[in-house]
Structures are given as C-alpha cells and as structure tokens.
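One structure below.
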Amino acid sequence: VVGGRVQSGRFDSDNAVSLRSSLPLLDIQKRLTRTNHVSDLRRYTVYGYQNFQVLDSLLVTVGLSYDGIRYPVNHQAPPITGRAERKSRVSPKAGFIWSPWPGTQIRGAYSRSLGGVSFDQSIRIEPSQVAGFTQAFRSISPQSKTMSPPAAEFEMSGVGIEQKLPQQSYLGVPTKTYLGAVGRVLTEEGRTVQGGYSTRLRLGPGGVPTAGEVQQVEMSRSQEFRESSLNLYMNQLLGDHFTASMEYKVSHANLDISAKNPPFSARLSDAEALLHRVRLAGLVNLSNGLFLQADSVWHAQDNMDRGLPEENFWQVNALIGYRFLRRRAEVRVGLENIFDRDYRLNPLNRHSRLPRERTLMVSGKFEF
C-alpha cells in the first residue's frame, strides 16, 4: 500500500480583549485590544506499507510514513498570534499476527504518527490499523482536561493474545469458549502556545506609578500524556442461541503539563488516575429474529490523591430487539442505567460515554 496526501487550508482568527487595571493606583483605562491574523496550513504526507506472509502462520507488516506540516502556533487562545512553525516526522510502523497452533492468535504492533491542527486532525487516508491495533488518533489526551496540542506526536505499542478452546459439551449443550488479553500503551507529546499581556509601569508626577506600554507576550506549554491499559475477556457460547461474556479492563493515565516563559517556568498539572472496569453481559439470539440483551457494568476509579474523590458505581442496562428482511433491518428498544445511578468519573481515563440518569433508548437500522 503506497499513497500520499497534500492538504492546504487557512485560519482567519480575530479576537478582542478588554483590559482593566486590578490596582487602584494604576491609570489603566478600560481599553480594547483587537488582533486579526490570517495563517496558512500546509501538510504533505507520503506513506508505504508492505505485508509479508513469512510463514503460513505468520503475517508481518512493516511501514513508513513522512509528514511535514506548517501551522499557526496559536490561532484559538486569545490573544492570538500570526506566527507559524514547521514540523516534520519520520514514523516507522511494524506489526505481526502469528497463529502458532490452531485456535491461538498472537499479535503485536508499534507505530508512530504526527497529529494535525483543528480540522486537519480528523482527516486520514492511510491505513488506520496495524495488526488490529488502532494507530490513527484525533487526540489521545482528554480534551476536557487540556487543550489538544497542534501537530502532536503520537506513539502506540500493543500486544494481544486470543485463544479459542476446543468445543465441549456441558449438560448436553455444546459450548465454545473464547479467551483474550490485550495490552496497549499510548503516548502523546506536544507543545501549545498561549498568549498573554504584560504592562510596563512608569512613574508619574509625585512618583506615583502609572501604566505604561501594554505588550503582548507568549507562554509555551509542554504536555505529555501517557495511558497504559490491560483488557481481559471471556466469551462463552451456550448452544445456538445464548452467549455470556465477562470483561475486565484496567487503565492507568498520567498527564504532565509544564509552562515555560523565560526566565520563568512552572509545572501546571501532574494528574494521575487509575480506572477499573468490569462488564458482565448475556445475549439471547432466537432464530425468528428476536434478541434480548442485558449487561451490568462496574467502574471504580482512584485519582491517586490528587484532591479529587474516588468513584465506585454499577450501571445495569437491558434491551430487546428484532431483526427482519434477512437481517438487513433492525429495531431495538432498551432501558439504560435502570437504577438511575449518576457518577463523577475523572476524564483522564478513557471510558465510554455513560448515561447519567435512567434513559429510554429506541433505535433502528437498515442496510442496503
């Protein structure tokens, strides 16, 4: 697989900031500063991937990409600036899928990539996975905790093993068991520029300090986010119609943000959290198209003594649905968060969006 991408765009940013004195002795009248900048975005990408069937049981994937991007350093945090930077990165990719014996699959992957800026973060045409591991990200750090840095550097590494046990019979019911374990480490590094103002004071008549020149300044923020996760699961088929599953996931996340504005520097954030998740589910699929599903999900989070409270809660969901037109159409009705359990999870750990109150869900799907 070989390809490339050329992309260009423009940011037209305008902001107005009102300045007032916080000290009664300073003669800073209410003033309005307005800035407007038009900045260009240019990105060039080339990539190539090659799959090697080394053995009948071993598939190896190697790849390489080059990204070059020119972008405005600050087009969204007032006061904005028209300054632009250039950044480039060579990103290797590698992965493998190995089936050493029947029913077993071991896979691993490593990938580096370069993020984008604003809408550019949402566009990608090269392969998004290596050996079944996602390598395409809009951002890895939680945007509800921090601003996503432009042109962030991503790194992903993962390994997994899936095992299918031989078919057995329990109380006359044929069973199949599927086990799996997947570990993954994600990191994001980047730098964000934020604006500010500084005021030079002057001495007026009688030695009274008065406001002097107001200057726009920049502050550089460096941030690093890292999340390590382990996912264990088991799926059990009981006959032709019933499936039971259990899943456990633990993730540890750390966000480190520091500011540097010579000659000053400071650590702004050093957040850390540990999240446990357990899911128990059952699914009944009938041959007439009717299906029923129920699951219970438990979350427990430790914010590692960062001043935030710990969280521990269960949510229970159930639904019923019907498939028809040879499974091309489907309708389902369900009740989520049956026991009306609210929660306060730290978004530092990745988790699916959960309802905060009892919620009726109705959906339909049609494939053509």
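The values are calculated or read from the model by the stated rules, or taken from the named source; none is laboratory data. Just so we're clear, the structure is a prediction, and the values are computed from it rather than from any experiment. Ideal geometry is used to build each Cβ from the backbone, glycine not excepted, and the neighbour counts take in all protein chains shown. Keep in mind that these areas ignore ligands, DNA and RNA; they rest on the heavy atoms of the full protein, side chains included. Shrake-Rupley method; radii C 1.70, N 1.55, O 1.52, S 1.80 Å.
In region 117-130, how many residues are out of contact with any Lys or Arg (no Cβ under 7 Å at 6 or more places or on another chain) and either crowded, with 21+ Cβ neighbours inside 10 Å or assigned to a loop (DSSP other than H, G, I, E, B) (or both)?
Start the filter on region 117-130 by keeping residues that are out of contact with any Lys or Arg (no Cβ under 7 Å at 6 or more places or on another chain), which leaves 117-119, 123-124, 126-129.
With either crowded, with 21+ Cβ neighbours inside 10 Å or assigned to a loop (DSSP other than H, G, I, E, B) (or both) added as a condition, the list becomes 117, 123-124, 126-128.
Residues flagged as out of contact with any Lys or Arg (no Cβ under 7 Å at 6 or more places or on another chain) and either crowded, with 21+ Cβ neighbours inside 10 Å or assigned to a loop (DSSP other than H, G, I, E, B) (or both) within region 117-130 amount to 6.
Name the residues in region 131-171 that are assigned to a loop (DSSP other than H, G, I, E, B), touching a residue at least 40 places away in the same chain (Cβ under 8 Å) and either in contact with a Pro (Cβ under 6 Å, 6 or more places away or on another chain) or among the charged types (D, E, K, R) (or both), would you?
Those that are assigned to a loop (DSSP other than H, G, I, E, B), touching a residue at least 40 places away in the same chain (Cβ under 8 Å) and either in contact with a Pro (Cβ under 6 Å, 6 or more places away or on another chain) or among the charged types (D, E, K, R) (or both): Pro142, Ser144, Lys145.
Each row is one residue, and each column tells you yes or no for (1) at pLDDT 90 or above; (2) under 18 Å from Thr359 (Cβ atoms); (3) acidic (Asp, Glu).
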| site | (1), (2), (3) |
| --- | --- |
| Val284 | yes, no, no |
| Asp295 | yes, yes, yes |
| Asp305 | no, no, yes |
| Ile320 | yes, yes, no |
| Arg332 | yes, yes, no |
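Any chance you could count how many residues in region 323-339 are within 16 Å of Trp298 (Cβ to Cβ) and open to solvent by 60 Å² or more (accessible area, probe 1.4 Å)?
Of all residues in region 323-339, those within 16 Å of Trp298 (Cβ to Cβ) come to 336-339.
From what is left, the residues that are open to solvent by 60 Å² or more (accessible area, probe 1.4 Å) are 336, 339.
So the count comes out to 2.
For region 1-60, give me the residue count where each residue is open to solvent by 40 Å² or more (accessible area, probe 1.4 Å), modelled with pLDDT under 90 and not polar (S, T, N, Q).
So the count comes out to 16.
Looking at region 69-83, which of its residues are surrounded by fewer than 17 Cβ atoms within 10 Å (Cβ to Cβ) and in contact with a Pro (Cβ under 9 Å, 6 or more places away or on another chain)?
Once the filter is applied, which keeps residues that are surrounded by fewer than 17 Cβ atoms within 10 Å (Cβ to Cβ) and in contact with a Pro (Cβ under 9 Å, 6 or more places away or on another chain), region 69-83 yields Gly82, Arg83.
Under 6 Å between Cβ atoms, which residue pairs at least 6 apart in sequence (or on different chains) link something in region 72-91 that is within 15 Å of Thr35 (Cβ to Cβ) and in contact (Cβ under 8 Å) with a residue 24 or more places away in the chain with a partner that is in a strand (DSSP E or B) and hydrophobic (A, V, I, L, M, F, W, C)?
Correct list of pairs: Pro72/Phe11; Pro72/Ala84; Val73/Val193; Asn74/Val193; His75/Phe11; Pro78/Val17; Pro79/Val17.
So which residues in region 351-368 are surrounded by 15 or more Cβ atoms within 10 Å (Cβ to Cβ) and farther than 11 Å from Gln315 by Cβ?
Of all residues in region 351-368, those surrounded by 15 or more Cβ atoms within 10 Å (Cβ to Cβ) come to 351, 354-355.
Matches in region 351-368: His351 only.
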